[in-house]
Amino acid sequence: MDFYVINNNRFNDSKYAFGESIDQKTGDFEICEVCKSPISMRRWLPPFNVKLSKPSYGDFVFGTFTTFLVSEVFKQKYESADLKGILAFEPIDVVKVKRVKLLSPTPPQFYNVVVTRSKTRIDEVKSMFVRDGDVECDTCRTGGAISSFQGVYLLQETWDRYDIFFPTGLPGTIVISQRFYDFVKENKFTNIDFVPAEQYAAPWAIEK
Ligand SMILES: [Zn+2]
């Protein structure tokens, strides 16, 4: 199976709006079952109020979210496709769109997606992980912050057959399967960018 990493610039709205959560309330982190370290951002709790940057709406909306928002059309097609990895679709209230005074016509319905934390592991040698310290737990691979890597090489035998997921050890990076990639292409969903996983380098290292 080939994999890709979702690679959108979160705050680029040259074509489609990005989004920001408003008056955000947050709950708990997900924690490692073994060492109890946090392995995610804090969970976003209702109300799911969002401001969009312009009245131009893609099927995907990136921004301040841990994952991203998707359109109603995406949700319906996903639910009838045989894909795994989205745990929930949480309905969003668009409370403001910049440059628009009256929300009429109303913006389309969007959903925040909750993406599974997978046990799929990364070949950290092949991916050339550089850490500022030692890994403290082999289950979640936390400890020793990652300062750079070159490519996301998954250990294929650890893949748990999710089509969209956070791999173990890279808690902010969303990986998709070839099947998910094909699904997006077939349906011509807008405003999502991918890069082959093995070409994806640490974004904080590219800047240098
Ligand atoms: Zn752990």
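Suppose the filter is in contact with a Ser or Thr (Cβ under 7 Å, 6 or more places away or on another chain), under 20 Å from Asn7 (Cα atoms) and within 15 Å of the ligand (Cβ to nearest atom); does Arg141 pass it? The answer is no for Arg141. The strands (runs of 3 or more DSSP E) located wholly in the range 53-97 that include 2 or more residues which are exposed (fewer than 14 other Cβ atoms within 10 Å of the Cβ) and at pLDDT 95 or above occupy 86-91. Of all the criteria given as (1) crowded, with 20+ Cβ neighbours inside 10 Å; (2) more than 25 Å from Gly143 (Cα to Cα), the one not satisfied by Asp2 is (1).
Taking every residue in the range 26-55 that is in contact (Cβ under 8 Å) with a residue 24 or more places away in the chain and pairing it with any residue that is away from the ligand (no atom under 16 Å from the Cβ) and of a type in the set (Phe, Trp, Tyr), at least 6 positions away or on another chain, the pairs with Cβ-Cβ distances below 7 Å are Ser53/Phe18.
The values are calculated or read from the model by the stated rules, or taken from the named source; none is laboratory data. Given the structure is predicted, the values throughout are model-derived calculations rather than measurements. Methodologically, a virtual Cβ is constructed for each residue, glycine included, from the backbone with ideal geometry; neighbour enumeration extends over all protein chains shown.
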